[in-house]
Amino acid sequence: MSSFSGLATTGDSDASPDGTASQFLLLRGLEPGVNEELLAKGVSKLYKTQASTPADGHAAKKTKIASTSNDASLGAKEGSLRRVLLIRDRHSNDSWRFGFAEFNTVEDAQAAMAKYNAFDKFTISSKPVLASYIHAGVFVPVLKPLGNDLSKFTFSPLTNPAVKLMYWDEAAYANELVTRAPDQPSAAKIKESENSKRAAAAANEGLVGTAKDGESRVKKRKLEKDTKVVAPHLQFWSNRHAELHQIPPKDPVAVPSDSPQTKANEEREQASKTPPSQSFADLERKCCLLCSRQFKTEAEVNKHERMSQLHRDNMKNEELVAKALTKLNKSKGAGTDNSAYRDRAKERRQAFNQPKQPAAQHNRPKAPGADSPPAKEADTAPAPSKGAALLGKMGWTAGEGLGAQGTGRTEAIATELYQQGVGLGAQGGKIGDAIEEAQRQTNGRYSDFLTKTKDKAKERFESLG
């Protein structure tokens with residue numbers, strides 16, 4: 001269990017609930033000994049299988065057996081894995097047995113997931129591993145400057161080093177291993193791009209005739225450059241960083257306007273700007289009754305209602321909305337009822353038509369000496385006992401008889417101790433009676449009484465013969 005969130009450290013809460021594609025893949029169920037290098041090596045199995053032309057048939061047979069995918073066209077491009085992030089504990093530095101893999105584009109991540117689904121069993125270090133996309137709240141931006149002791153727990157997006165991100169659970173951090181550095185344009189490519197720009201400008205001015213081959217090459221280079229898609233949540237936090245620090249935002253990456261990703265982003269931004277029509281937040285318990293999610297602050301509850309995709313999907317479910325409204329009404333009613341004390345004993349007395357105190361207590365005669373001064377009562381009152389205290393709580397006073405009408409016994413049951421070796425009911429059997437009998441039949445010495453009693457017993461035994 002995480003000491004910060006109280007949730008199980010399995011990574012299940014980081015998976016995308018609706019399966020929205022992302023540049024990041026979540027890998028769960030790793031072995032405790034899997035480090036960043038082994039994780040990157042295992043993710044490389046999701047690359048597209050390279051076709052080889054071996055010299056002899058033996059090598060071809062060996063390559064065919066080593067292939068674990070039924071379709072060689074499935075998988076991400078070779079080298080499209082940019083880095084891996086293994087989640088470790090901040091205090092012990094132990095692995096939480098799950099991590100993330102970041103690819104160049106969303107298309108590469110989708111191709112890797114297609115290859116994963118084609119596997120019968122995907123393993124890393126000989127153990128089956130689950131792979132899925134992540135949701136937008138896994139990595140959060142660091143808006144305040146951190147010290148040197150906390151800065152090591154952050155990392156930056158590969159497209160914007162000025163932004164600092166960290167894992168949402170503050171009990172852990174994402175340990176980064178870059179497997180492929182961002183491509184740096186070479187001098188030849190820069191010169192070629194400049195020449196192409198000049199050629200395009202000359203063609204637009206009518207100085208040079210446009211050739212189909214040249215035009216196709218320019219379009220191809222633009223397509224390869226502009227189709228690189230940044231993860232939606234990283235682009236979102238990059239824009240927020242630029243807005244907070246008053247930095248002019250970079251030109252957004254060219255994405256087709258009719259793509260489903262663009263439409264989803266527009267819907268998400270529009271929903272975040274417009275407040276929800278009906279609030280299902282219980283601010284006292286800091287939870288959303290519609291999604292059954294608990295939060296730490298009221299601000300997080302309000303943010304969840306404005307920006308969560310899960311909340312918007314649940315709003316469309318009439319059954320969940322009806323249940324949430326019932327819970328909301330109950331919580332409001334419980335808050336008003338709990339404000340006043342409810343006397344349940346009074347309700348029972350009214351239901352069964354009973355007085356506040358038993359009627360017999362009012363009709364009882366006063367105890368003798370009730371009007372006497374308190375000092376005399378204190379002198380004649382017996383020493384309090386446990387039983388007298390219990391009876392007093394039930395309305396009994398000293399000198400009265402037991403029972404509802406006060407007609408029971410007034411004295412306590414006396415305890416008697418019998419002499420050892422004397423039968424029950426025998427004359428002088430009790431210790432007090434034996435002492436009195438000895439004083440009557442002797443001169444007051446108890447030893448003489450015992451001697452006389454023994455002699456009589458001996459005579460009875462001899463007479464029986």
(message) Every residue in region 1-44 that is of a type in the set (Gly, Ala, Ser), assigned to a helix (DSSP H, G or I) and within 17 Å of the chain's Cα centre (by Cα), please.
(response) SER13
(message) Give all pairs with beta carbons closer than 7 Å in which a residue from region 285-304 that is modelled with pLDDT of 85 or more meets a residue that is part of a helix (DSSP H, G or I) and among the polar types (S, T, N, Q); count only pairs at least 6 apart in sequence or on separate chains.
(response) LEU290/ASN314; CYS291/ASN314
(request) Kindly list, by first and then second residue, each pair from a residue in region 129-144 that is in the same structural domain as LEU165 (by TED's automatic domain parsing) to a residue that is among the charged types (D, E, K, R) and surrounded by fewer than 18 Cβ atoms within 10 Å (Cβ to Cβ), limited to pairs with Cβ atoms under 7 Å and residues at least 6 apart or on different chains. (result) VAL129/ARG28; LEU130/ARG28; PRO141/ARG240
(request) State all residues of region 120-159 that are surrounded by 17 or more Cβ atoms within 10 Å (Cβ to Cβ), over 28 Å from HIS304 (Cα atoms) and over 27 Å from the mean Cα position of the chain (by Cα); if no residue qualifies, say none. (result) PHE122, ILE124
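Quick test for you: out of SER196, SER156, SER151, SER238, pick the one residue that is modelled with pLDDT of 70 or more and not assigned by TED's automatic domain parsing to the domain that holds VAL34.
On the way: SER156 fails: not assigned by TED's automatic domain parsing to the domain that holds VAL34; SER151 fails: not assigned by TED's automatic domain parsing to the domain that holds VAL34; SER238 fails: not assigned by TED's automatic domain parsing to the domain that holds VAL34.
Step by step, each of SER196, SER156, SER151, SER238 is checked, and only SER196 is modelled with pLDDT of 70 or more and not assigned by TED's automatic domain parsing to the domain that holds VAL34.
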(message) If a residue must be farther than 23 Å from GLY19 by Cα, of a type outside the set (Lys, Arg) and surrounded by fewer than 14 Cβ atoms within 10 Å (Cβ to Cβ), how many such residues does region 301-336 contain?
(response) 7
(message) With the condition being modelled with pLDDT of 75 or more, I'd like the helices (runs of 4 or more DSSP H) fully within region 372-465 carrying at least 3 qualifying residues.
(response) 386-393, 446-463
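The values are calculated or read from the model by the stated rules, or taken from the named source; none is laboratory data. Predicted model only: the values in this text are computed from it and were never measured. Note: ideal-geometry Cβ built from the backbone for every residue, glycine included; neighbour counts use all protein chains shown.
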